[in-house]
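Student: Questions regarding the structure given below will be posed in turn.
Derivation of every value follows stated rules applied to the coordinates shown; laboratory data play no part. Remember, it's a predicted structure, so these values are computed and weren't measured experimentally. Ideal geometry is used to build each Cβ from the backbone, glycine not excepted, and the neighbour counts take in all protein chains shown.
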């Protein structure tokens, strides 16, 4: 059985959302899961689709960016599908279709993941080199520690009897930061 998944980031992309549905129906999908949500939001319909598929099925998406947020996310989804004996079909993968049922499809997806991982590592390496150079030139200071600037407020609120969770909420910092500031204050 072909199971479709469609996603659009905003309600402004209704036309694209509907186009995905038409493409999935034309492909022969008998059930389509869809949601309008950003890629960073929880994707309940994707989880429902992954739960719904059974051995021998194929999960069909129009484009890879409609399915996964990152290479890691994609590989996690593919692993879930593989453990269930489900293939992944991407209808537009750089101009051609990819189906992980075929050895060529699996190879293309693996190569894509490897290239994406290499690009990320290269970008991080360049970023590290740039930061090191900026530090040597005295131009890079890093992000100012937010919680430490609020140390006096943290201490005052603690002395007034508030707990770490309430202090964190009021000051807009994490609870761990509250504990860190309090520990630093005890050492001083």
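Student: Please compute the Kirkwood hydrodynamic radius over the range 146-187, one decimal place, Å, based on all pairs of different Cα atoms. Mind dumping the intermediate values first?
Tutor: Working: mean 1/r = 0.1033 Å⁻¹.
Computed over the range 146-187, the radius equals 9.7 Å.
Student: Got a sec? How would 63, 6 order by Cβ neighbour count within 10 Å, fewest to most? Can you show the working numbers first?
Tutor: Values: 63 16, 6 27.
With the sparsest Cβ surroundings first, the list reads 63, 6.
Student: While we're looking at this one, here's another question. Based on C-alpha coordinates, I'd like the Rg and Dmax of the range 97-166, in Å.
Tutor: Here Rg and the maximum Cα pair distance are 23.8, 66 Å.
Student: Can you give the FRET efficiency for residue 42 and residue 149, using 1/(1 + (r/R0)^6), R0 = 41 Å, r = Cβ-Cβ distance, to the nearest 0.05? Please list the in-between numbers first.
Tutor: Details: r = 32 Å, r/R0 = 0.79.
Efficiency for this residue pair is about 0.80.
Student: Just need the relative contact order of the range 146-187 here, percent rounded to a whole number, with Cα pairs under 8 Å and 6+ apart.
Tutor: Answer for the range 146-187 is 45 percent.
Student: Take the alpha-carbon positions of the chain, form their convex hull, and give its projected area averaged over all directions (one quarter of the hull surface) in nm². Mind showing how you got there, number by number?
Tutor: On the way: hull surface 65.5 nm².
So the Cα hull casts an average projection of 16.4 nm².
Student: Considering just Cα atoms, how many Å³ per residue does the convex hull of the range 30-118 enclose?
Tutor: Working: hull volume 8.8 nm³, N = 89.
Residue-normalised Cα hull volume stands at 99 Å³.
Student: Rounded to the nearest 0.05, what FRET efficiency do residue 80 and residue 128 have when you use their Cβ-Cβ distance and R0 = 45 Å? Mind showing how you got there, number by number?
Tutor: Details: r = 33 Å, r/R0 = 0.73.
Using R0 = 45 Å, I get an efficiency of 0.85.
Student: Restricting to the chain, compute how many DSSP beta bridges are antiparallel as a %, nearest 5. Kindly include the intermediate steps, with their values, before the conclusion.
Tutor: Values: 3 of 17 bridges.
Of those bridges, close to 20 percent are antiparallel.
Student: Applying 1/(1 + (r/R0)^6) with R0 = 22 Å to the Cβ-Cβ distance of residue 119 and residue 9, what FRET efficiency is obtained, to the nearest 0.05? Each step should come with its number before you reach the end.
Tutor: Numbers: r = 22 Å, r/R0 = 1.02.
The value I calculate is 0.45.
Student: By count of other Cβ within 10 Å, fewest leading, how are 80, 133, 150, 141 ordered?
Tutor: Working: 80 15, 133 11, 150 20, 141 8.
Listed from fewest to most nearby Cβ atoms, that is 141, 133, 80, 150.
Student: Pairing the Cα long axis of helix 71-83 with the longest principal axis of the chain, what angle in degrees results, from 0 to 90 and rounded to the nearest 10?
Tutor: Taking Cα atoms only, the helix is inclined about 50 degrees.
Student: Have a look at the range 67-137 and give its Rg and Dmax from the Cα atoms, expressed in angstrom.
Tutor: For the range 67-137, the Cα radius of gyration and maximum Cα-Cα distance read 16.5, 55 Å.
Student: Select from 91, 157, 67 the residue whose mean-square fluctuation is largest in a Gaussian network model of the chain (Cα-Cα springs shorter than 10 Å).
Tutor: 157
Student: Sticking with this structure for a sec: Got the relative contact order for the chain handy, in percent, Cα pairs under 8 Å and 6 or more residues apart?
Tutor: It rounds to 14 percent for the chain.
Student: At 7 Å along the Cα-to-beta-carbon direction for both residue 175 and residue 21, put a label point, then send me their distance in nm to one decimal.
Tutor: Once both label points are built, they end up 4.2 nm from each other.
Student: Here's another thing I want to ask about it. Which of 179, 5, 140 has the fewest other C-beta atoms within 10 Å, and how do the rest follow up to the most? Kindly include the intermediate steps, with their values, before the conclusion.
Tutor: Numbers: 179 15, 5 28, 140 12.
With the fewest neighbours first, 179, 5, 140 line up as 140, 179, 5.
Student: Taking the Cα atoms only, what angle lies between the long axis of helix 103-136 and the longest principal axis of the chain, rounded to 10 degrees?
Tutor: Helix 103-136 and the main axis of the chain meet at about 20 degrees.
Student: Still on this structure, please answer the following. Helix 175-187 versus the longest principal axis of the chain: what is the Cα-based angle in degrees, 0 to 90, to the nearest 10?
Tutor: Tilt relative to the chain: about 30 degrees.
Student: Okay, moving on. Please figure out what share of the DSSP beta bridges in the range 2-113 is antiparallel and state it in percent, rounded to the nearest 5. Numbers along the way, then the final one.
Tutor: On the way: 3 of 17 bridges.
Of the beta bridges lying entirely in the range 2-113, close to 20 percent run antiparallel.
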